[in-house]
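The values are calculated or read from the model by the stated rules, or taken from the named source; none is laboratory data. From a predicted model like this one, the values you see are computed outputs, not experimental measurements. Here the Cβ positions follow ideal geometry from the backbone for every residue, glycine too, while neighbour counts run over all protein chains shown. Only protein heavy atoms, including side chains, enter the accessible area calculation; ligands, DNA and RNA are left aside. Shrake-Rupley method; radii C 1.70, N 1.55, O 1.52, S 1.80 Å.
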Amino acid sequence: AATATLAGEAPLAVGVAGVETPLKSFTTPYVLGDDYFDPSFSIEVGNEFLGECGIGISETIGAGDPKKVAAFEAWLFDKSDIRTVTTVLASEYAYNDPDLRAKLEPKGEIALMEPGTEITLETTSLRVIAKIHDIEYAQGNLPENSFVKKVDFELTAWVKQGNTPTE
(Lines give C-alpha, C1' and ligand atoms only; values in the text may rest on other atoms or scores of the structure.)
Protein backbone atom coordinates (compact mmCIF):
# COMPACT_ATOMS: atom_id res chain seq x y z
CA ALA A 1 0.00 0.00 0.00
CA ALA A 2 1.19 3.50 -0.80
CA THR A 3 1.80 5.93 2.00
CA ALA A 4 1.28 9.65 1.65
CA THR A 5 4.34 11.86 1.88
CA LEU A 6 3.95 14.60 4.45
CA ALA A 7 5.02 18.17 3.70
CA GLY A 8 8.62 18.62 4.65
CA GLU A 9 9.67 15.10 3.65
CA ALA A 10 11.60 14.41 0.47
CA PRO A 11 9.21 15.19 -2.40
CA LEU A 12 8.29 12.34 -4.73
CA ALA A 13 6.59 12.70 -8.08
CA VAL A 14 5.00 9.24 -8.21
CA GLY A 15 4.48 6.86 -5.29
CA VAL A 16 4.22 3.10 -5.05
CA ALA A 17 2.18 1.29 -7.72
CA GLY A 18 1.55 4.51 -9.69
CA VAL A 19 -0.31 6.26 -6.88
CA GLU A 20 0.53 9.92 -7.19
CA THR A 21 2.19 11.48 -4.16
CA PRO A 22 2.13 15.26 -3.67
CA LEU A 23 5.25 17.04 -4.81
CA LYS A 24 4.79 19.95 -2.40
CA SER A 25 2.28 21.25 0.09
CA PHE A 26 2.04 24.82 1.36
CA THR A 27 -0.14 26.25 4.11
CA THR A 28 -0.71 29.97 4.21
CA PRO A 29 -3.02 31.88 6.55
CA TYR A 30 -4.74 35.16 5.69
CA VAL A 31 -5.63 37.55 8.51
CA LEU A 32 -7.64 40.78 8.18
CA GLY A 33 -5.19 43.64 7.78
CA ASP A 34 -2.80 41.76 5.49
CA ASP A 35 -3.64 44.08 2.58
CA TYR A 36 -0.81 42.74 0.41
CA PHE A 37 -1.65 39.03 0.84
CA ASP A 38 -0.35 37.37 -2.34
CA PRO A 39 1.86 34.34 -1.55
CA SER A 40 3.18 32.27 -4.44
CA PHE A 41 5.16 29.05 -4.46
CA SER A 42 7.47 27.52 -7.06
CA ILE A 43 6.74 23.98 -8.22
CA GLU A 44 10.03 22.22 -8.96
CA VAL A 45 11.41 18.72 -9.36
CA GLY A 46 15.06 18.87 -8.36
CA ASN A 47 16.39 22.01 -10.04
CA GLU A 48 13.79 22.00 -12.79
CA PHE A 49 11.19 24.77 -12.56
CA LEU A 50 7.79 23.40 -13.64
CA GLY A 51 5.45 26.19 -12.63
CA GLU A 52 4.07 28.23 -9.80
CA CYS A 53 0.91 28.40 -7.74
CA GLY A 54 -0.49 30.93 -5.33
CA ILE A 55 -3.44 32.70 -3.85
CA GLY A 56 -4.18 36.38 -3.66
CA ILE A 57 -6.83 38.98 -2.96
CA SER A 58 -9.37 39.08 -5.79
CA GLU A 59 -12.11 41.43 -4.58
CA THR A 60 -12.71 43.76 -1.66
CA ILE A 61 -15.86 45.52 -0.49
CA GLY A 62 -16.57 48.67 1.46
CA ALA A 63 -14.10 51.49 1.92
CA GLY A 64 -11.17 52.39 4.13
CA ASP A 65 -8.43 50.35 5.71
CA PRO A 66 -7.86 47.52 6.23
CA LYS A 67 -9.08 46.02 2.95
CA LYS A 68 -12.24 43.97 3.45
CA VAL A 69 -11.63 40.86 1.36
CA ALA A 70 -14.76 39.32 -0.15
CA ALA A 71 -12.94 36.94 -2.52
CA PHE A 72 -9.54 35.39 -3.19
CA GLU A 73 -8.06 33.95 -6.39
CA ALA A 74 -6.20 30.64 -6.40
CA TRP A 75 -4.04 30.22 -9.50
CA LEU A 76 -1.71 27.77 -11.18
CA PHE A 77 0.91 28.59 -13.82
CA ASP A 78 2.47 25.73 -15.78
CA LYS A 79 5.53 26.57 -17.88
CA SER A 80 4.57 23.84 -20.38
CA ASP A 81 1.05 25.27 -20.78
CA ILE A 82 0.39 28.77 -22.11
CA ARG A 83 -2.46 29.59 -19.75
CA THR A 84 -2.72 30.32 -16.05
CA VAL A 85 -5.70 28.57 -14.46
CA THR A 86 -7.64 30.56 -11.86
CA THR A 87 -10.51 29.81 -9.48
CA VAL A 88 -12.18 32.46 -7.34
CA LEU A 89 -12.89 31.61 -3.69
CA ALA A 90 -15.79 33.83 -2.65
CA SER A 91 -17.29 34.77 0.70
CA GLU A 92 -20.86 33.63 1.29
CA TYR A 93 -22.13 37.15 0.51
CA ALA A 94 -20.04 37.53 -2.68
CA TYR A 95 -21.03 34.04 -3.82
CA ASN A 96 -24.74 34.83 -3.50
CA ASP A 97 -24.74 38.50 -4.59
CA PRO A 98 -25.56 38.80 -8.34
CA ASP A 99 -23.59 42.04 -8.83
CA LEU A 100 -20.43 40.79 -7.11
CA ARG A 101 -20.71 37.44 -8.89
CA ALA A 102 -20.94 39.19 -12.25
CA LYS A 103 -17.75 41.09 -11.38
CA LEU A 104 -15.93 37.87 -10.35
CA GLU A 105 -17.08 35.54 -13.17
CA PRO A 106 -14.59 36.78 -15.81
CA LYS A 107 -11.73 35.83 -13.46
CA GLY A 108 -12.56 32.12 -13.40
CA GLU A 109 -14.81 29.51 -11.86
CA ILE A 110 -16.32 30.61 -8.52
CA ALA A 111 -16.32 28.45 -5.40
CA LEU A 112 -17.85 29.19 -2.00
CA MET A 113 -15.32 29.55 0.80
CA GLU A 114 -16.24 27.32 3.72
CA PRO A 115 -14.27 24.91 5.91
CA GLY A 116 -13.42 21.86 3.83
CA THR A 117 -13.86 23.56 0.44
CA GLU A 118 -11.46 21.97 -2.03
CA ILE A 119 -10.85 23.20 -5.55
CA THR A 120 -8.67 21.59 -8.19
CA LEU A 121 -6.57 23.62 -10.61
CA GLU A 122 -5.27 21.56 -13.50
CA THR A 123 -2.94 22.25 -16.43
CA THR A 124 -1.19 20.01 -18.95
CA SER A 125 1.31 18.59 -16.47
CA LEU A 126 0.41 19.96 -13.04
CA ARG A 127 -2.45 19.64 -10.56
CA VAL A 128 -2.95 21.81 -7.48
CA ILE A 129 -5.63 21.32 -4.88
CA ALA A 130 -6.44 24.40 -2.81
CA LYS A 131 -8.21 23.59 0.43
CA ILE A 132 -9.78 25.80 3.07
CA HIS A 133 -9.19 24.46 6.55
CA ASP A 134 -10.79 27.21 8.57
CA ILE A 135 -12.60 30.47 7.91
CA GLU A 136 -13.84 33.20 10.21
CA TYR A 137 -15.92 36.11 8.97
CA ALA A 138 -15.39 39.63 10.25
CA GLN A 139 -18.20 41.63 11.81
CA GLY A 140 -18.83 45.20 10.75
CA ASN A 141 -21.29 47.57 9.13
CA LEU A 142 -21.26 45.52 5.92
CA PRO A 143 -23.56 42.59 5.02
CA GLU A 144 -23.19 39.43 7.12
CA ASN A 145 -20.50 36.96 5.93
CA SER A 146 -19.29 39.42 3.31
CA PHE A 147 -15.62 39.75 4.28
CA VAL A 148 -13.04 37.54 5.93
CA LYS A 149 -11.33 38.01 9.28
CA LYS A 150 -9.17 34.90 9.00
CA VAL A 151 -8.81 31.95 6.65
CA ASP A 152 -6.31 29.08 6.46
CA PHE A 153 -5.42 27.93 2.95
CA GLU A 154 -3.48 24.83 1.95
CA LEU A 155 -2.11 24.37 -1.56
CA THR A 156 -0.90 20.91 -2.57
CA ALA A 157 0.88 20.38 -5.90
CA TRP A 158 1.32 17.23 -7.99
CA VAL A 159 3.07 16.47 -11.23
CA LYS A 160 0.61 14.48 -13.32
CA GLN A 161 1.66 10.93 -14.23
CA GLY A 162 3.64 10.71 -17.43
CA ASN A 163 4.91 14.26 -16.97
CA THR A 164 7.71 13.58 -14.51
CA PRO A 165 10.93 15.13 -15.81
CA THR A 166 13.69 12.63 -16.58
CA GLU A 167 17.35 13.16 -15.77
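Where only DSSP H runs of four or more residues are counted, the chain gives -1500 deg cm²/dmol as its mean residue ellipticity at 222 nm, each run worth -39500 (n - 2.57).
About its Cα centre, the dipole of the chain is roughly 120 debye, where the only charges are +1 on Lys and Arg Cβ and -1 on Asp and Glu Cβ. Within a straight-line Cα-Cα reach of under 26 Å, residue 67 can be paired with the following lysines, leaving aside sequence neighbours fewer than 8 residues apart in one chain: 103, 107, 131, 149, 150.
Ranking 147, 31, 89 by Cα position along the charge dipole of the chain, where only Lys, Arg, Asp and Glu carry charges on their C-beta atoms, puts 89 farthest toward the positive end. The structure shown yields volume of the Cα convex hull per residue in Å³, and of the options [x] 108; [y] 119; [z] 136 that calculated value carries the label [y]. Protein heavy-atom surface of the chain, 1.4 angstrom probe: 49% of the accessible area is carbon and sulfur, with nucleic acids and ligands not counted.
Rolling a 1.4 Å probe over the protein heavy atoms gives the stretch 88-166 an accessible area of 50 Å² per residue. A simple rule links phi to the HN-Hα coupling: the Karplus curve 6.51 cos²θ - 1.76 cosθ + 1.60 with θ = phi - 60°, which for the stretch 123-128 gives 10, 3, 10, 10, 9, 10 Hz, with x for Gly and Pro.
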